[in-house]
1. Within region A:130-197, list the GluC sites (Glu not before Pro) lying in a DSSP loop whose Cβ has at most 15 other Cβ atoms in a 10 Å radius.
2. Quickly work out the B:Thr128-to-A:Ala166 label distance, labels modelled 7 Å from Cα along the C-beta direction, and quote it in nm with one decimal.
3. Gaussian network model of chain A, Cα springs within a sub-10 Å range: biggest mean-square fluctuation belongs to which of A:Ser13, A:Ser158, A:Ser24?
4. Give me the accessible area of B:Leu23, 1.4 Å probe, in Å² rounded to the nearest 10.
5. With only alpha-carbon pairs counted, each pair once and no self-pairs, how large is the Kirkwood hydrodynamic radius of chain B in angstroms?
6. How much area per residue is accessible in chain B when the probe is 1.4 Å and only protein heavy atoms are counted (Å²)?
7. How many nm separate the modelled label positions at B:Gln182 and A:Lys81, each set 7 Å beyond the Cα in the direction of the Cβ?
8. For B:Lys64, go through the lysines and keep the ones whose alpha-carbon is under 21 Å away, minus same-chain ones fewer than eight residues off.
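The values are calculated or read from the model by the stated rules, or taken from the named source; none is laboratory data. Remember, predicted model here, so these are calculated numbers, not experimental data. Neighbour counts are summed over all protein chains in view; Cβ atoms, including those assigned to glycine, are modelled from backbone coordinates with ideal geometry. Side chains included, ligands, DNA and RNA excluded: accessible areas come from the protein's heavy atoms. Shrake-Rupley method; radii C 1.70, N 1.55, O 1.52, S 1.80 Å.
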There are 2 protein chains.
Amino acid sequence: MRQLPERTVERLSQYRRVLLRLLSIKKEYIYSHELASLLHITAVQVRRDIMLIGHTGTLRLGYKIKDLVDLISTIIDTPGKRNLAIVGIGNLGQALINYIASNQDKIIPVAIFDVNEKKIGSTFHGVTCYSMDMMEEIVKKESITIALLTLPPQFAQSTANRLIEAGVKGIMNFTPTLLNLQGAFLEQYDMITSLEKVAYFSKPKFFVS
Amino acid sequence: MRQLPERTVERLSQYRRVLLRLLSIKKEYIYSHELASLLHITAVQVRRDIMLIGHTGTLRLGYKIKDLVDLISTIIDTPGKRNLAIVGIGNLGQALINYIASNQDKIIPVAIFDVNEKKIGSTFHGVTCYSMDMMEEIVKKESITIALLTLPPQFAQSTANRLIEAGVKGIMNFTPTLLNLQGAFLEQYDMITSLEKVAYFSKPKFFVS
DNA sequence: ATTTTTTTGTTAGCTTTATCACAAAATCAA
DNA sequence: TTGATTTTGTGATAAAGCTAACAAAAAAAT
Ligand SMILES: NC(=O)c1ccc[n+]([C@@H]2O[C@H](COP(=O)([O-])OP(=O)(O)OC[C@H]3O[C@@H](n4cnc5c(N)ncnc54)[C@H](O)[C@@H]3O)[C@@H](O)[C@H]2O)c1
Ligand SMILES: NC(=O)c1ccc[n+]([C@@H]2O[C@H](COP(=O)([O-])OP(=O)(O)OC[C@H]3O[C@@H](n4cnc5c(N)ncnc54)[C@H](O)[C@@H]3O)[C@@H](O)[C@H]2O)c1
């Protein structure tokens, strides 16, 4: 299959989460307009996405939820699991690790890296924190392919370089540093940018220039 | 000025942060290609964004950083400050409050709301936590127009409705609940979706179906 | 003085993403 | 049986976002 649009991939992730909930309450089929209304998007958008992944529904019955979930999973997941590392286990890193572990089960936190002597050797939600010196070794040994950067911004670029060199293929960067990466997918997850965007688009009308 | 594209607003926020850093080290002018390379985008993109906000540079000298920063500020900021509330001060809420306060100065956290008796009445980075019963009252009294939702997902929709009713104009939703809002700008800041997107686009090649 | 280089500003076009409009098929109603 | 209704699937079109290309102006080089 051809590479899917980013937006479609994002929605597939959301469809799956909604559909899994519906499956758990024994709903079997769903119409495009139902799924659309759960995501507050249009039914055409839903049908188009489903078309893009090559699934086909039943006329007048809708889509079989189980089949759709399975197909989305074969598309967006890898067969088997993906191992993840968190670099920098401060306030944010600690908030994230629990959340990730309890909200999906294909991407598994298997290692934490930090420079703080007090943290090295201890575990956070069952995951061991290693020293930064061991990063390359552990990344290779544990086949880690995804990393979250939650360390101080000035170390983000050099750490990202080391991670990619060691085999990481996807990086989610929570620091405000704008990274330059070759050979890995980057998600710049920048809260201040989003916050300022919210401020702009929610500006009280009489302020708009 | 006409409403700017979302992407442009996001980049303006990033331009400003980079430019402020350069100003602080006494750089006066910048070329589009320099700014572009700092953000890892193209120079045309930079020039187009700057054109959209109606700024004009000096031929062969580039853009005067001070002027550009000021203009971006008049566009994306409101004159004066915006007050912000955080609803749910758990792991994530606590991580956020400090970060927001120390990374920009136009959007000010002025209130926290929670149901936990132990948290109500105490302060987090100098901001008081109030009970949920007082939310409408405080939102009005403090003119809060932006809110972050970092409470359990099942309370997100009803809380958002109450906030909007009380006058909030922009909501950044950190919970996985997909909200349906009327009358406010919504940023669905969904980490799992982004994480699954990173996983998809960084899938080792031999896995791609 | 003329040519080359540099850099902005902008048009036109391209790519990606979303929506419109409607055919096709299944079911329902009369 | 006929016609209306519902719902999927998709080609065509529109909107948003990005890039290529180049004119214009200024400065530098020759
Ligand atoms: N707190 C937030 O809500 C928030 C939100 C968005 C982004 N961020 C960004 O995420 C990062 C972390 O934020 P935080 O609030 O958790 O900060 P923090 O100070 O609580 O944690 C940083 C952690 O990184 C570790 N560290 C320091 N230098 C390191 C290095 N060279 N290599 C590896 N680890 C190192 C520290 O020991 C600490 O454990 C910062 O860059 C911040 O800008 C934070
Ligand atoms: N931890 C993360 O990294 C992370 C990341 C993304 C999203 N989220 C989401 O953000 C939310 C908070 O995550 P967390 O890790 O901070 O959870 P948490 O359990 O640590 O904190 C939740 C807070 O909300 C309060 N609360 C409970 N019910 C409330 C109500 N009805 N009204 C107001 N406050 C209420 C609790 O007292 C607590 O202080 C969750 O919805 C989670 O799904 C968390």
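1. Qualifying residues, ordered by number: A:Glu142.
2. Distance between the two pseudo-spin positions: 4.7 nm.
3. Residue with maximal mean-square fluctuation among A:Ser13, A:Ser158, A:Ser24: A:Ser24.
4. Per-residue accessible area (B:Leu23): approximately 50 Å².
5. Hydrodynamic radius (Kirkwood, Cα only) of chain B equals 19.4 Å.
6. So chain B comes to 47 Å² accessible per residue, rounded to a whole number.
7. 4.5 nm
8. Answer for B:Lys64, where 21 Å is the Cα cut-off: B:Lys26, B:Lys27, listed by chain and number.
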